[in-house]
Structure formats: structure tokens, C-alpha cells
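Everything on this sheet refers to the single structure shown next.
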Amino acid sequence: MIQVENLVKHYAHVRAVDGVSFSVARGEIFGLLGPNGAGKTTTIRMMMDILKPDSGTIQIMGQPASEAVKSRIGYLPEERGLYRNFKLLECLTYLGALKGMPRKAARQRAEALLERVGLEEYAQRKIKELSKGMAQKAQFVATIVHDPELLIMDEPFQGLDPVNTELLKTILREEQDRGKTIILSTHNMNQVEELCQRILLIDHGQVVLYGSLDEIKARYAEHAVLLECEALPASLSGVRRIEPVDHAYQLILEPDSSPQAILRQLVAADAGVRRFEVVLPPLEQIFITVVEGNR
């Protein structure tokens, strides 16, 4: 769906994006991450042809950005901006038609989406009369009203309560099930872990982490296992220390030990193992480790 090669962008003497390359597969939810000022939004704006790169190439759906390509993209920008004096349904219908939908079809889809997000009662209200959370849901609907093939979402859950956050996450999963490709940029690592298959982490305009979320978490896994058992043996060869954790134990292993060797000892000791898993770090911890290590 997307192929980015050696993307570079300067602002005066600042190299905001510095040789960024990545690809996004059709039908996946892809996380575009980084600390504030890392170059994420600049990268997105170049993908949307709002900014021109100084060098590098961007292919979207097999071709350079054009008006025809952009009509097949739904873009939720960091800065929100619906027409505040328009009535909600009128605004959404207009935006759908602007992307090439027949006006009747745009209105019907807008009505269906407003009902889906619980805003059908506000269809004839002006945008400026909506609460912050309602306006955020309206902006989300505006992004998908023309049924785009590619969704680029910059902080889509910003300002939403947990119930509405779950609702929009469900809609994004449904869009993926329909074959849509989604790029998600957010600072909430829990949401990334829930939704994304692969991620790209940018810092100081450069790629510092890229790949499958599962592979990345395995790469940064501590040399430890989480154990629940009926009877913990008095000693386990290859275990450096044992830490109690919520009715379980975290076993910190010696560098030359392996989880499989520990499990064999537990089975041989008839420990009554109920749970045994390699400890994987949360993405937030990996994010902090990588970004701080890049300072």
C-alpha cells in the first residue's frame, strides 16, 4: 500500500526527517510512533502531499501522490478543523461529495456513521455547538465518510472517554476487516499494542525501531519468566533471583540459562505448574529505553 524510501526534509538548518524508509502492507494497522518533534507529522504531511520532500520517494497504492490517490485516503490531522458554522450532517455530506461520492450516497453513509458513533441526534446541530468529545467523533466520521482505502490517523482518540475510545477502536478493527489499511500515530502505547501489527519508531528524524510488534517485544524481552505453581522448588539451577508478583513468581534467569531448562526442572520436581511464560516488556518501556538511548 505504501513504500517510502530515503525520505529527507529540512526546515532551515534542522533536518526534521533524515533518511526515513518503511513500507506498509495492504490491510494492516501500522503504528507510526515517536516523541514530540521526532518528525512523525512531517512524514505524514509529505505522504499526503501537503509538504514536498527535499529528497526521497513516496509511493502510495503503487504511484506518487496525486489528487486521484488522495481521494482514496482518509486523513485525520493532528490539528482538527471542521467547518464550525456548518450543520454536522451538511458538513459530512459536503466532505464526502468533495472526495467524489454522489451526494445522496455521501449523505446516507454520513447518517449511518453518525448513528454508529451515537451522534444521530446532533445531525442538524452546528459543529461549534458540539462538545469536545462529540467534535472528535465527528472529525473521525469525516475521515472515513468517503469509504477510503487508506486511513491515516493522527491521535484519533484524543479527548475521548474510555467508552468512546473503545467504540472508535472497534470501528478501526471493522475497517481493517473490510480490507482497509490504517496508519495510526499516537503517544498511547497501550492502544498501539492493542491495534498494530507492525510499528515504526522515529527519533530526531531517523528510524530507530521498525518491524513486527511481536518481534520487537521478543528482542527487548528481559531474561525472565513468569511462573504460577503449586509448590516452588527450594532451588532452581540457572535462576539468579525470584521475585513474588501477584500470586506468582518472576524468575530472573542467568545469562546462560533458558526458559526451557527451567521448565524441565519444574516438571521433574512435580511443582504443579499452572502458568509459565516468558516476560515481554510493555511497548511503553521499549519506547522509553530506545528514545533515551538515542539521546
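The values are calculated or read from the model by the stated rules, or taken from the named source; none is laboratory data. All values derive from a computational prediction rather than experimental measurement. Please note: Cβ atoms are built from the backbone with ideal geometry, for glycine as well, and neighbour counts cover all protein chains shown.
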Quiz item: Within the range 159-173, can one find any residue that is within 28 Å of residue 289 (Cα to Cα), among the polar types (S, T, N, Q) and in contact with a helix residue (DSSP H, G or I) (Cβ under 6 Å, 6 or more places away or on another chain)?
Solution: no
Quiz item: What residue, of 222, 166, 243, 149, is charged (D, E, K, R), under 30 Å from residue 132 (Cβ atoms) and in contact with a strand residue (DSSP E or B) (Cβ under 8 Å, 6 or more places away or on another chain)?
Solution: 149
Quiz item: Is it true that some residue in the range 204-223 is assigned by TED's automatic domain parsing to the domain that holds residue 73 and under 16 Å from residue 153 (Cβ atoms)?
Solution: no
Quiz item: Of the residues 79, 129, which is at negative phi, surrounded by fewer than 21 Cβ atoms within 10 Å (Cβ to Cβ) and over 25 Å from the mean Cα position of the chain (by Cα)?
Solution: 129
Quiz prompt | residue 184 in contact (Cβ under 8 Å) with a residue 40 or more places away in the chain, in contact with a Cys (Cβ under 7 Å, 6 or more places away or on another chain) and either basic (Lys, Arg) or closer than 30 Å to residue 144 by Cβ (or both) | solution = yes
Quiz item: In the range 23-64, what count of residues is obtained for those that are surrounded by 14 or more Cβ atoms within 10 Å (Cβ to Cβ) and at positive phi?
Solution: 6
Quiz prompt | Every pair of residues 6+ apart whose Cβ atoms lie under 8 Å, when the first sits in the range 224-241 and is assigned by TED's automatic domain parsing to the domain that holds residue 264 and over 15 Å from residue 276 (Cα atoms) while the second is loosely packed, with under 11 Cβ neighbours inside 10 Å and not hydroxyl-bearing (Ser, Thr, Tyr) | solution = 238/256
Quiz item: Just to be sure, is residue 227 buried (at least 17 other Cβ atoms within 10 Å of the Cβ), part of a strand (DSSP E or B), at pLDDT 90 or above and of a type in the set (A, V, I, L, M)?
Solution: yes
Practice problem: Kindly indicate which of 260, 265 is over 25 Å from residue 287 (Cβ atoms), loosely packed, with under 12 Cβ neighbours inside 10 Å, out of contact with any helix residue (DSSP H, G or I) (no Cβ under 6 Å at 6 or more places or on another chain) and not assigned by TED's automatic domain parsing to the domain that holds residue 117. | Solution: 260
Exercise. Hey, can you tell me all the residues within the range 206-224 that are small (Gly, Ala, Ser) and either over 27 Å from residue 293 (Cα atoms) or modelled with pLDDT of 90 or more (or both)?
Key: 211, 212
Practice problem: Filter the range 244-267 for residues that are among the acidic types (Asp, Glu) and under 21 Å from residue 218 (Cα atoms) and give the result. | Solution: 254, 256
Practice problem: Would you tally the residues in the range 39-93 being in a helix (DSSP H, G or I), within 22 Å of residue 133 (Cα to Cα) and touching a residue at least 12 places away in the same chain (Cβ under 8 Å)? | Solution: 5
